[in-house]
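**Q** This is the structure I want to talk about, given as structure tokens.
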Protein chains: 2
Amino acid sequence: MLNLHEANIEKLTFRTALVSKALSEIVVQKYGGSSVADIDRIKRIASRIVETKNSGKKVVAVVSALGDSTDELMSLANQLTPSPPTREVDMLLASGEQRSIALLSIAIHALGEIAISFTGAQVGIVTDTSHTKAKIVEVRAERIKKELDKNKIVIVAGFQGVTLDEDITTLGRGGSDTTAVAIAAELKASCQIYSDVEGVFTADPRIIPGARKLDEVSFEEMLEMAATGAKVLQLRSVEYGRNHGVPMEVRSSFSKESGTCILEESQMKEKAIISGVTHDNDEAKITLLGVPDRPGIAAKVFGSLAKGNINVDMIIQNVSEQGITDISFTVPKDDLAKGKELVEIAVKKLEAKGSTYDDNIAKVSLVGAGMKSHPGVAAKMFEVFAEEGINIEMISTSSIKISCVIKEEDTVKAVSALHNAFNLERGSA
Amino acid sequence: MLNLHEANIEKLTFRTALVSKALSEIVVQKYGGSSVADIDRIKRIASRIVETKNSGKKVVAVVSALGDSTDELMSLANQLTPSPPTREVDMLLASGEQRSIALLSIAIHALGEIAISFTGAQVGIVTDTSHTKAKIVEVRAERIKKELDKNKIVIVAGFQGVTLDEDITTLGRGGSDTTAVAIAAELKASCQIYSDVEGVFTADPRIIPGARKLDEVSFEEMLEMAATGAKVLQLRSVEYGRNHGVPMEVRSSFSKESGTCILEESQMKEKAIISGVTHDNDEAKITLLGVPDRPGIAAKVFGSLAKGNINVDMIIQNVSEQGITDISFTVPKDDLAKGKELVEIAVKKLEAKGSTYDDNIAKVSLVGAGMKSHPGVAAKMFEVFAEEGINIEMISTSSIKISCVIKEEDTVKAVSALHNAFNLERGSA
């Protein structure tokens with residue numbers, strides 16, 4: 001098992017070398033909540049980190065809160081009020097990673113190695129002031145470098161940072177991935193993201209048993225996959241990795257199998273036309289009916305949604321008939337209630353006819369860098385849906401992605417049919 | 001109920017005014033773990049704090065970790081190793097108060113008031129580097145003052161601080177009391193310590209049902225009581241209060257009854273000869289037998305114990321016979337194992353005859369400022385023990401305290417007999 005693991009590290013180092021000559025032997029490993037869910041798992045991760053160090057690396061481990069503890073903390077806060085102040089929510093949630101870094105550090109000491117743990121504030125993960133969804137603006141990694149130079153294993157709390165006023169912030173769901181990539185960027189290191197999945201798959205293996213693990217995927221493909229429902233990595237972490245040229249690998253903390261490497265497209269060995277089919281059941285559709293079709297209307301509607309901090313995904317405006325039009329768009333289901341409020345205000349202001357809502361939708365997407373040079377992918381996708389009797393409600397495309405909104409109950413049928421039609425299953429690539 | 005509460009605040013303010021003319025209307029309230037053990041209790045404390053603010057005060061609340069969470073965290077650490085590194089233990093434990101301050105702050109927001117929570121590091125509770133038992137060296141209260149000036153309720157994590165290197169420290173058991181008093185000293189405020197007891201009693205009410213709550217007690221008496229087993233306040237917090245002239249009140253977070261005020265002796269209205277009987281079952285006795293009686297021997301023995309960070313309490317050296325002597329002393333039971341080790345090394349080095357250990361002891365003490373001017377208290381104490389057939393193993397005195405070490409099983413009998421003999425029960429004062 002050890003050999004396989006070492007082989008992977010070698011492989012990663014090789015790739016790393018391609019990206020930047022300045023890369024040192026530092027590796028940043030990120031362990032998610034399920035990897036540190038209990039004492040036994042913490043011990044296992046500790047061994048893994050010590051093994052990596054013994055193989056000659058300097059290790060920085062970025063850790064999430066134990067198991068479901070973040071959810072448990074939020075539920076405590078919500079027992080007090082449905083809308084707790086975000087600064088205090090961040091104070092509360094940040095205690096979660098503080099617990100896991102300390103325990104992991106203690107577990108490493110128990111193995112005879114020296115580890116030192118740091119909160120986000122202590123290692124200078126400086127963010128903006130958007131509590132609960134803060135963005136990293138700077139990483140002041142001096143303390144990490146100093147401790148690595150003393151031959152210590154450095155454990156850093158993921159998901160959290162600190163404002164210039166020394167208030168604690170959190171980075172939103174999956175934020176630990178971004179912490180890891182940001183630190184790797186600053187240290188010119190490679191970044192391994194460990195979780196309970198073995199890598200990036202051609203489709204969600206929970207619904208498509210024949211889904212295949214990808215060896216490689218480009219940053220752009222990964223961005224589209226993350227944006228269209230693949231939950232393996234936080235979107236922002238991939239953007240950060242791409243922008244700073246950080247070689248990333250997604251792999252399982254429960255096995256020593258190699259995972260999926262995320263690379264610049266130019267460094268990929270093979271380029272498939274389609275890399276994967278993703279789906280997203282977490283969106284809802286809002287339609288404004290009978291909107292006057294004149295300049296500035298869309299700006300008003302989406303401006304007020306943006307002010308309300310609601311992420312709008314797909315937007316479709318139908319052809320105008322007699323000066324009025326319909327506008328449909330999708331928002332995260334969690335934001336539907338707030339979105340409704342804002343849209344109903346807009347309906348009155350704009351003298352539109354009304355609005356409708358549908359949270360019974362799914363977004364199914366095809367992602368592949370090869371799409372750019374292979375026309376006809378969209379046509380084939382629509383054909384597959386037609387054959388299956390699946391109605392398409394909205395369509396949105398980019399150069400390497402096609403997304404269709406369909407009825408939620410058709411999700412599995414649609415993903416499965418596309419996975420087959422584009423020969424993505426195991427053994428067919 | 002509100003009136004009674006307000007009356008108490010008035011009373012405290014009156015006393016406060018006696019101590020320093022510079023006192024502002026700030027009150028520092030400390031809530032222990034049992035006061036914030038669950039969501040309902042947190043809500044109750046939040047109401048109490050808001051009430052205090054509405055009565056015209058500026059409030060700083062210092063909070064301990066929820067219920068038994070500190071013990072639970074230590075047990076997690078001990079599942080990894082019996083001797084976790086203390087820096088990492090502090091990182092782990094400090095997460096506990098971070099949780100409770102955030103929840104309390106959220107609970108106050110739910111009541112429509114603005115609160116802001118801070119970790120020890122954030123409000124500049126600067127300590128030395130003795131992890132797990134750090135001492136406060138400075139309180140940089142600028143941020144607290146700034147937020148109080150904005151009319152916010154300030155919530156501060158007790159028990160924790162930060163070194164000049166930005167490492168998180170904890171202050172040891174009961175450390176939140178010291179945090180509260182240290183902040184009160186810096187803000188020239190008064191300090192209320194809320195816990196699950198109603199105040200300082202003439203004896204432990206759990207074993208002496210007739211024990212009486214004291215209205216007042218002097219700093220010196222409180223110091224002796226804390227040092228001899230009264231668990232109501234951490235010794236160091238009382239020292240801090242005395243040294244900085246912080247008027248303190250110990251009271252229950254579950255009732256609105258007034259508690260016990262801790263004052264300068266000169267400000268007390270009545271001075272009892274004896275204020276209370278305390279007992280301590282947490283010590284063990286070590287005896288070095290046949291030690292050569294020459295200068296420097298005691299320094300060697302106790303020097304090595306001090307280096308091992310073991311707090312030695314009572315020390316008795318018997319009269320020397322033929323150049324050899326016995327030395328007995330008490331240490332906390334928790335330190336007995338380590339103490340034994342060090343003593344056995346000393347026995348060999350000093351060529352002493354041997355050593356004995358007894359953890360079946362109790363220290364029972366009489367404390368009272370009036371003792372200074374009333375001779376005969378010690379004689380009466382020994383008489384009471386003689387009448388009850390209780391053997392005295394060690395005796396130690398100060399100007400306002402007499403302590404006797406007896407067999408542990410005689411504890412209740414001894415405390416009860418002294419409590420009666422010195423007329424301390426309810427109604428007799």
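**Q** Considering only the label points, 7 Å along Cα→Cβ from Cα, what distances in nm to one decimal separate residue B:135 from the same position in each other copy, shortest first?
**A** Counterpart label points of residue B:135 in the remaining copies fall at 4.8 nm.
**Q** Can you grab the distance from the C-alpha centre of the range B:169-207 to the C-alpha centre of the range B:114-157, Å, no decimals?
**A** 16 Å
**Q** Next question, about the same structure. What's the local net charge at residue A:87, with K and R +1, D and E -1, over the other residues with C-beta under 14 Å away?
**A** Value of the local net charge: -3.
**Q** Note down the nm distance, to one decimal, between modelled labels 7 Å out along Cα→Cβ at residue B:215 and at residue A:324.
**A** Rounded to a tenth, the inter-label distance reads 8.0 nm.
**Q** In straight Cα distance, which lysines are under 21 Å from residue A:300, not counting same-chain residues fewer than 8 positions off?
**A** The qualifying lysines are A:285, A:338, A:340, A:348, A:349, A:353.
**Q** Moving on to the next point. With charges set only on the Cβ (+1 for Lys and Arg, -1 for Asp and Glu), what does the dipole of chain B come to about its Cα centre, in debye to the nearest 20?
**A** Charge dipole, chain B, about its Cα centre: 1060 debye, nearest 20.
**Q** Mind giving me the FRET efficiency for residue A:255 and residue B:173? R0 is 41 Å, r the Cβ-Cβ distance, nearest 0.05 is fine. Could you put the intermediate results ahead of the total?
**A** Working: r = 43 Å, r/R0 = 1.05.
Taking R0 as 41 Å, the efficiency between residue A:255 and residue B:173 is 0.40.
**Q** Toward the positive end of the charge dipole of chain A, about the Cα centre and with charges on Cβ (Lys, Arg +1; Asp, Glu -1), which of A:252, A:240, A:187 goes farthest?
**A** Highest projection toward the positive end goes to A:187.
**Q** Could you quickly flag the chain A residue whose beta carbon comes closest to the rotation axis taking A to B, and that distance in whole angstrom?
**A** A:95, 2
**Q** Which of B:262, B:345, B:101 moves the most in a Gaussian network model of chain B with Cα springs under 10 Å?
**A** Among B:262, B:345, B:101, the largest GNM mean-square fluctuation belongs to B:345.
**Q** Here's a follow-up. Report, as an integer, the average count of C-beta atoms from other chains found within 10 Å of each Cβ along B:33-42. Kindly include the intermediate steps, with their values, before the conclusion.
**A** Working: counts 0, 0, 0, 0, 0, 2, 4, 1, 0, 3.
Mean inter-chain Cβ contacts per residue within 10 Å come to 1.
**Q** For chain A, modelled as a Gaussian network with Cα springs under 10 Å, which listed residue fluctuates most, A:211, A:346, A:37?
**A** A:346
**Q** 5 Å is the cut-off here: which amide hydrogens, built 1.01 Å from N in the peptide plane, fall below it relative to residue B:229, excluding neighbours closer than 5 in sequence?
**A** For residue B:229, whose amide H was placed from the backbone, there are no distant partners under 5 Å.
**Q** Using a 10 Å cut-off around each Cβ of peptide A:70-77, what is the average number of partner chain Cβ atoms that fall inside?
**A** 2
**Q** Sorting A:357, B:31, B:240 on the 10 Å Cβ count, fewest up front, what's the list? Don't skip to the end; give the middle numbers.
**A** Values: A:357 15, B:31 27, B:240 23.
Ranking A:357, B:31, B:240 by Cβ neighbours within 10 Å, fewest first, gives A:357, B:240, B:31.
**Q** Follow-up question, since we're still on this one. Once a ≥ b ≥ c are taken as the square roots of the eigenvalues of the Cα gyration tensor of chain A, is the result rounded (a/c under 1.5), prolate (a/b larger than b/c) or oblate (a/b not larger than b/c)?
**A** Values: a/c = 2.15, a/b = 1.40, b/c = 1.53.
In terms of gyration-tensor shape, oblate.
**Q** I'd like the mean, over residues of A:90-97, of how many other protein chain beta carbons sit within 10 Å of each residue's own Cβ.
**A** Rounded to a whole number, the mean comes out at 6.
**Q** Taking the simple approach of a point 7 Å from Cα along Cα-to-Cβ for both residue A:395 and residue A:47, what is their distance in nm?
**A** Using points 7 Å along Cα→Cβ, the separation is 5.4 nm.
**Q** How far, in nm to one decimal, is residue A:75 from itself in the other copies if the label point is set 7 angstrom along Cα toward Cβ? Shortest first, please.
**A** 2.0
**Q** Among the aspartates and glutamates, which have Cα under 12 Å from the Cα of residue B:53 when same-chain residues fewer than 8 positions away are ignored?
**A** B:6, B:25, B:113
**Q** Give me the percent relative contact order of chain A, please, defined on Cα pairs under 8 angstrom at least 6 residues apart.
**A** Relative contact order, chain A: 14 percent.
**Q** Mind giving me the nanometre distance, one decimal, between the label points for residue B:337 and residue A:374, set 7 Å out from Cα along Cα→Cβ?
**A** Placing both labels 7 Å along Cα→Cβ, they lie 6.5 nm apart.
**Q** Which of rounded, prolate, oblate describes the range B:271-429, given a ≥ b ≥ c as roots of the alpha-carbon gyration tensor eigenvalues and a/c under 1.5 marking rounded, otherwise prolate only if a/b is larger than b/c? Don't skip to the answer; put the middle values down first.
**A** Numbers: a/c = 2.31, a/b = 2.07, b/c = 1.11.
Prolate shape, in that a/c is at least 1.5 and a/b is the bigger ratio.
**Q** Compute the signed sum of charges (Lys and Arg +1, Asp and Glu -1) over the other residues within less than 15 Å, Cβ to Cβ, of residue B:291.
**A** Local net charge: 0.
**Q** To the nearest 20 debye, what charge dipole does the range B:361-429 have about its Cα centre, counting +1 at the Cβ of each Lys and Arg and -1 at the Cβ of each Asp and Glu?
**A** Dipole of the range B:361-429, to the nearest 20 debye: 340 debye.
**Q** Order of B:305, B:66 from fewest to most other C-beta atoms within 10 Å?
**A** Listed from fewest to most nearby Cβ atoms, that is B:305, B:66.
**Q** While we're on this one: Go ahead and estimate [θ] at 222 nm for chain B from helices alone: -39,500 (n - 2.57) per DSSP H run with n ≥ 4, summed, over the residue count, rounded to 500.
**A** Calculated mean residue ellipticity at 222 nm is -12000 deg cm²/dmol.
**Q** Amide H neighbours of residue B:252 under 5 Å, counting only residues 5+ apart in sequence or on other chains, H built in-plane at 1.01 Å?
**A** B:195
**Q** Quick one: Cα centre-to-centre distance for the range A:375-408 and the range B:249-292, in angstrom?
**A** 78 Å
**Q** Given charges of +1 on the Cβ of Lys and Arg and -1 on the Cβ of Asp and Glu, with all other atoms neutral, how large is the dipole of the protein assembly as shown about its Cα centre, in debye to the nearest 20?
**A** 1380 debye
**Q** Turning to a different aspect of this structure: Which Cα, out of B:302, B:49, B:78, lies furthest along the positive dipole direction of the protein assembly as shown (beta carbon charges, K/R +1, D/E -1)?
**A** B:302
**Q** Distances from residue B:319 to the same position in the other copies: list them in nm, one decimal, shortest first, using label points 7 Å from Cα along Cα→Cβ.
**A** 11.9
**Q** Still on this structure, please answer the following. Of B:337, B:268, B:203, which is farthest towards the positive pole of chain B's charge dipole, taken about the Cα centre with +1 and -1 on the beta-carbons of Lys, Arg and Asp, Glu respectively?
**A** Positive-end residue among those listed: B:268.
**Q** With 10 angstrom as the radius, rank A:168, A:116, B:273 by how many other C-beta atoms surround their C-beta, starting from the fewest.
**A** B:273, A:116, A:168
Since every read-out is calculated from the coordinates, none of them should be taken as a lab result. No experiment lies behind these values; they were computed from the predicted model shown. Cβ atoms come from the backbone with ideal geometry, glycine included; neighbour counts cover every protein chain shown.
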